[in-house]
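> Right, I'll just put the structure down here and ask away after.
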Amino acid sequence: MGNPFAEIALVLLAAALVGAIGTWLRQPLIVSFIAVGILVGPAGIGLVTQHDQIELLASIGIALLLFVVGLKLDFHTIRTLGPVALATGIGQIVFTSVIGFLIAVALGMDALTAGYVAVALTFSSTIIIVKLLSDKREIDALHGRIAVGFLIVQDLAVILAMIGITAIGGERTAEQSLIVHAATIVSRGLGFLAAIAMLALFVLPRATTFLARSPELLALAGIAWAVALAAVGEVLGLSKEVGAFLAGASLASTPYREALGGRLVTVRDFLLLFFFIDLGARLDLSMLGATAVPAVIFSAFVLIGNPVIVMVIMGVMGYRKRTSFLAGLTVAQISEFSLILGALGVSVGHIGPETMGLVTTVGLITITLSTYMILYSGRLYESIAPWLRVFERRVPYREGDAAAAPEADVVVFGLGRYGSGIVHHLLLRRRRVIGVDFDPDALARWRAEGVPVVYGDASDPELFDRLPLAGVSWVVSTAPDIDTSRILVHHLRERRFRGKVAVAHRTADEGDAHRIEGVDVLLRPYADAAEQAVDAITTAIERLGIVASAVPGLCEVRLGSASKWAGHRIADVPLRGEFGATILAVSRGGRSFFNPGPGFQLFPGDRVFLSGEPSALRRAAEYLTSVDHPADAADEGAFAIEDVPVRTFVGWEGRSLATLDLPGRFGVTVLAINNDDGQLSAPDPQRPLSDSDRLLLAGTPDALHRVRTSGGELASASSEPSHG
């Protein structure tokens, strides 16, 4: 076509169309985009002729991807995961190259060709893996961090491999020897690293503080820094991937890394589209048939052998088999570097086109299949978990802190903002809580607060065997993902969990699905927050704007359900006498009550506006939200509901509720009767009870206990006239 703009426009249209079809067919977008590349490339309709422009956009996308990964790096991660990343990376490279070389020789290849194929099988695609882990939100999980670590080790190794090929191939002087060339690259790398470290310590903190005055300028500066260091890394012979990664790592200690990473995600994903299209367009499919059998053998080795090698190494180092398995799946494909390495070998005359065709075929097979393996890693692990015990030590001490959890009342899955808020309020009400998350940083924060935490997620079946579910009253899932919630409910049912389950959901349809599956409480983090926000901005806050500007001291207090003043009249709350504070207004359910009188009753959820001296207001707010902690936390709810079978009590059968007089004798209320057909019906005071009836009673825990332990005593007592 010759028009770069028109070509890119058509490529984008093709990507949108094929991506939509792939989404409709529930296929990964990465596979769809690689298919677009094949479609528009030389092997397809030959639409793409402007490879340079597409490659340039792809390079910027790669730089931003590694930059965002580097932003998540910190010294604690390097200290704790650096050794396993280095050991796994080097070990996998050594074992894969040796075994791959032996397989190639067994297939009749000469030593040089076998060496090229073995090295090509060694490296995995950092770009593809990081993209998949980011999409699954597992980049911060333990296995995700380990995987990123040994993928960076692989990238450094492939750089050394390309240096060696360049130095060996072609004519060179003594000064261009392999040793001199490698030493030059190493010295440049150390100097580059030292320069970045100095900038990170003395320049970048102040620079980012200045740039953060404008969010747009901060994002632009981040992109410029990522691309600039990627370019420097490529010029120094270290590759743009390493340069971009170090650019992100240099900003990882600044307070703006989260904001910066969040703003770059959309730009990154858009530019990475061109990487996958460029990868597909450069695949040479002309020799697929001639190398089919060796390609299948090598693909099987990469898809199965590489993960096994990683699992063996991580198992020896003391990691659990699930962590090792999930990390091992990330090496179940060969890299785009493998194709570059093969092309370099062809250019220097070391291998022929048929070997390059073999590497291309293996790349196409492994990249496609490993994408599905990673996306469905949870289900894959569940199906083969019993056979993976050989890859785990008897005591996986690296994750030993999560091996046993103490007794608890509530288990909370997900320690993000919403989950952390739930944990915080549960602790205020003296509930024993165990937190579950796969983010080591979130676990470290709560562990520092003295809260027991467990590494894992709902898709890990073994996690539930380590939780003290027998004594747990509630299991709460804060992940608004319906698949995660369904897996959670499934595992709890398998273990006959007798407590109750609360899960977050996003839509009404998801809520209905959860309700059918037996979820007890549905949490609406987004809808509830939106409702509270609208109440806040359309009622009291809006009307109190003028008052707030005139009153010297004004503050807002949200009355929690555990506040000891919830349910009391204003006259009972000694705010004026103790603190000189006055309740100016109360906002409740979209309505505002100004100057409520002393008989006005406060309810949980009320937004109370206080006026008074600023110093006194703070103490008044703390007093108003203070919580009464009863000696027995189990009685804090003031009442309970229990299902009582009639047949367990002598003399109940044939008597009516009016005769038994349960409210008068025990202080309990009959809410409903569960009949023979399993249906709940309203209690009829005059209907005689049958042996198969079950009474749904409500009352205080003490009252219900008296009912349970009354036995036949109730029968004799109930024959007396009722005084209720």
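> Consider only pairs whose beta carbons are under 6 Å apart and that are at least six residues apart or on different chains; among these, list those whose first residue lies in region 14-26 and is assigned by TED's automatic domain parsing to the domain that holds residue 375 and under 17 Å from residue 375 (Cα atoms) and whose second residue is surrounded by 12 or more Cβ atoms within 10 Å (Cβ to Cβ) and not acidic (Asp, Glu).
19/29; 19/32; 22/32
> Can you find even one residue in region 31-47 that is at pLDDT below 80, hydrophobic (A, V, I, L, M, F, W, C) and over 21 Å from residue 363 (Cα atoms)?
For region 31-47, residues at pLDDT below 80, hydrophobic (A, V, I, L, M, F, W, C) and over 21 Å from residue 363 (Cα atoms): present.
> Do you know which of the residues in region 443-456 that are within 17 Å of residue 417 (Cβ to Cβ) and buried (at least 19 other Cβ atoms within 10 Å of the Cβ) is farthest from the chain's Cα centre (by Cα)? Quick ask: steps written out before the conclusion?
Filtering region 443-456 down to residues within 17 Å of residue 417 (Cβ to Cβ) leaves 443-446, 449, 451, 453.
Those left that are additionally buried (at least 19 other Cβ atoms within 10 Å of the Cβ): 443, 446, 451, 453.
Details: 443: 13, 446: 17, 451: 20, 453: 16 Å.
Result: 451.
> Any chance you could count how many residues in region 665-684 are in a loop (DSSP other than H, G, I, E, B) and farther than 25 Å from residue 498 by Cα?
Residues in region 665-684 being in a loop (DSSP other than H, G, I, E, B) and farther than 25 Å from residue 498 by Cα: 4 in total.
> Can I ask one more? Kindly indicate whether residue 46 is assigned to a helix (DSSP H, G or I), farther than 24 Å from residue 372 by Cα and of a type outside the set (Ser, Thr, Tyr). Can you show your working first?
Details: assigned to a helix (DSSP H, G or I): no; farther than 24 Å from residue 372 by Cα: yes; of a type outside the set (Ser, Thr, Tyr): yes.
In short, no.
> Answer with yes or no whether residue 126 is touching a Leu at 6+ places or on another chain (Cβ under 8 Å), at pLDDT below 90 and polar (S, T, N, Q).
It is true that residue 126 is touching a Leu at 6+ places or on another chain (Cβ under 8 Å), at pLDDT below 90 and polar (S, T, N, Q).
So that you can scan it fast, the table gives a plain yes or no per residue for (1) part of a helix (DSSP H, G or I); (2) at pLDDT 70 or above:
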| residue | (1), (2) |
| --- | --- |
| 630 | no, no |
| 634 | yes, no |
| 644 | no, yes |
| 655 | no, yes |
| 663 | yes, yes |
| 686 | no, yes |
| 691 | no, yes |
| 716 | yes, no |
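> Do we find that residue 334 is crowded, with 23+ Cβ neighbours inside 10 Å and of a type in the set (A, V, I, L, M) in this structure? Even if it seems obvious, please write down each step before you answer.
On the way: crowded, with 23+ Cβ neighbours inside 10 Å: yes; of a type in the set (A, V, I, L, M): yes.
For residue 334, the condition - crowded, with 23+ Cβ neighbours inside 10 Å and of a type in the set (A, V, I, L, M) - is met.
> Another question about this same structure. Please give the strands (runs of 3 or more DSSP E) falling wholly within region 359-474 in which 2 or more residues are of a type in the set (Val, Ile, Thr), modelled with pLDDT of 90 or more and in contact with a strand residue (DSSP E or B) (Cβ under 8 Å, 6 or more places away or on another chain).
Answer list for region 359-474: 410-413, 433-437.
> Restricting the search to region 354-380, which residues are of a type in the set (S, T, N, Q) and farther than 25 Å from residue 143 by Cα? Before you say what the answer is, go through the steps one by one.
From region 354-380, those of a type in the set (S, T, N, Q) are 355, 360-361, 366, 368, 370-371, 377; that's our starting set.
Answer for region 354-380, where residues must be of a type in the set (S, T, N, Q) and farther than 25 Å from residue 143 by Cα: 355, 360, 361.
> Follow-up question, since we're still on this one. All but one of (1) in a helix (DSSP H, G or I); (2) of a type outside the set (A, V, I, L, M); (3) at pLDDT below 85 hold for residue 248, so report the exception by its number.
(3)
> Within region 549-561, is there a residue that is more than 30 Å from residue 483 (Cα to Cα), among the small types (Gly, Ala, Ser), modelled with pLDDT under 70 and over 33 Å from the mean Cα position of the chain (by Cα)?
yes
> Would you check if there is a residue in region 335-342 being in a helix (DSSP H, G or I), at pLDDT 80 or above and in contact with an Asp or Glu (Cβ under 6 Å, 6 or more places away or on another chain)?
no
> Oh, and also: Mind telling me which of the residues 264, 271, 246, 303 ends up being surrounded by 23 or more Cβ atoms within 10 Å (Cβ to Cβ) and touching a residue at least 40 places away in the same chain (Cβ under 8 Å)?
246
The values are calculated or read from the model by the stated rules, or taken from the named source; none is laboratory data. Every value quoted in this text rests on a predicted model; they were computed, and no experiment measured them. For neighbour counting, all protein chains shown are included, and Cβ atoms are generated from backbone atoms with ideal geometry for every residue, glycine included.
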